[in-house]
1. In this structure, is residue 105 open to solvent by 40 Å² or more (accessible area, probe 1.4 Å), among the basic types (Lys, Arg) and touching a strand residue (DSSP E or B) at 6+ places or on another chain (Cβ under 7 Å)?
2. Identify all residues within the range 55-83 that are farther than 19 Å from residue 155 by Cβ and under 11 Å from the mean Cα position of the chain (by Cα); write none if there are none.
3. Take the residues of the range 37-54 that are in a loop (DSSP other than H, G, I, E, B) and within 17 Å of the chain's Cα centre (by Cα): which is surrounded by the fewest Cβ atoms within 10 Å (Cβ to Cβ)?
4. How many residues does the range 142-169 hold that are open to solvent by 20 Å² or more (accessible area, probe 1.4 Å) and under 13 Å from the mean Cα position of the chain (by Cα)?
5. Taking the condition small (Gly, Ala, Ser), assigned to a loop (DSSP other than H, G, I, E, B) and either open to solvent by less than 60 Å² (accessible area, probe 1.4 Å) or at pLDDT 95 or above (or both), does residue 121 pass?
6. (1) open to solvent by 10 Å² or more (accessible area, probe 1.4 Å); (2) closer than 21 Å to residue 52 by Cα; (3) assigned to a loop (DSSP other than H, G, I, E, B): which one isn't true of residue 139, the others all being true?
7. Evaluate the range 149-165: report whether one residue or more is more than 16 Å from residue 40 (Cβ to Cβ), assigned to a loop (DSSP other than H, G, I, E, B) and without any contact (Cβ under 8 Å) to a residue 12 or more places away in the chain.
8. Go through the residues of the range 22-33 one by one and say whether even a single one is touching a Ser or Thr at 6+ places or on another chain (Cβ under 8 Å) and modelled with pLDDT of 75 or more.
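The values are calculated or read from the model by the stated rules, or taken from the named source; none is laboratory data. In this text the structure is predicted, and so the values were computed from the model without any measurement. We place every Cβ from the backbone using ideal geometry, glycine too, and count neighbours over all the protein chains shown. To get the accessible areas, we keep the full protein, side chains included, count just its heavy atoms, and leave off ligands, DNA and RNA. Shrake-Rupley method; radii C 1.70, N 1.55, O 1.52, S 1.80 Å.
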Amino acid sequence: MRVPALLLILLTAACAAPPGPVQDATGAQAGASPGESIRLSGAGEFAPGDTAAIVYDRKLAPEGAQASATVESSGGKTRTSLVVEGLLPERRYGAHLHAKACGKKPDEAGPHFQHQAGQISPASEVWLDFTTDAAGAGRASARNNWALSRDSLPGSLVIHAEPTVTEGPQVGQAGARVACLTLTP
């Protein structure tokens, strides 16, 4: 199984900077003590019926497809990383943090997680679009200038069938939900 290798890559990258205090948009500490950071992760091979790493569209996430995600928040910033393997080769996908944990039905993960409620943009949401290589592997990362609060954490990372629309009336949409990773502390 290749998941441990994916986790090792993400954990190695995550250890590059020391944690700082978690702050809200005003700079005040939000639900965390000084020096505390928030870290969420999820990983696995996408399988039907599993709520930790679940597949909704086997055509776009073939058997054996897997992913690993980390979300780290400290010092007033949030960093999110995604690594995938075994998806369709040379194809564009969208990915976002969602408000709730994965469920058996795609909509159970809820809407996109938003730092500022009602603001649909890469400044308020976490957009992780990626293109897979010839082997179906890909990676994406995002940095946001806000910290997570223990009172409001994303519950999952959802991979979507299309890249995120960045303009117009459909901004923020990325097609059907293909697969989902539940994020846990």
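1. Working: open to solvent by 40 Å² or more (accessible area, probe 1.4 Å): yes; among the basic types (Lys, Arg): yes; touching a strand residue (DSSP E or B) at 6+ places or on another chain (Cβ under 7 Å): no.
No; evaluated as a whole, the condition is false for this residue.
2. 83
3. Let us first name the residues in the range 37-54 that are in a loop (DSSP other than H, G, I, E, B), namely 37, 46-52.
When the remaining residues are screened for being within 17 Å of the chain's Cα centre (by Cα), the result is 46, 51-52.
On the way: 46: 27, 51: 14, 52: 18.
Here the residue is 51.
4. Of the residues in the range 142-169, the ones open to solvent by 20 Å² or more (accessible area, probe 1.4 Å) are 143, 145, 149-153, 162-163, 165-169.
Keeping just the survivors that are under 13 Å from the mean Cα position of the chain (by Cα) gives 143, 153.
Looking only at that region, the number is 2.
5. Values: small (Gly, Ala, Ser): yes; assigned to a loop (DSSP other than H, G, I, E, B): yes; either open to solvent by less than 60 Å² (accessible area, probe 1.4 Å) or at pLDDT 95 or above (or both): yes.
Yes: the conditions hold for residue 121.
6. (3)
7. Here is the first cut: in the range 149-165, the residues more than 16 Å from residue 40 (Cβ to Cβ) are 159-165.
Pick out the ones that are also assigned to a loop (DSSP other than H, G, I, E, B) and you get 161-165.
Within this subset, residues satisfying the condition of being without any contact (Cβ under 8 Å) to a residue 12 or more places away in the chain are 165.
Among the residues of the range 149-165, at least one is more than 16 Å from residue 40 (Cβ to Cβ), assigned to a loop (DSSP other than H, G, I, E, B) and without any contact (Cβ under 8 Å) to a residue 12 or more places away in the chain, which makes the answer yes.
8. no
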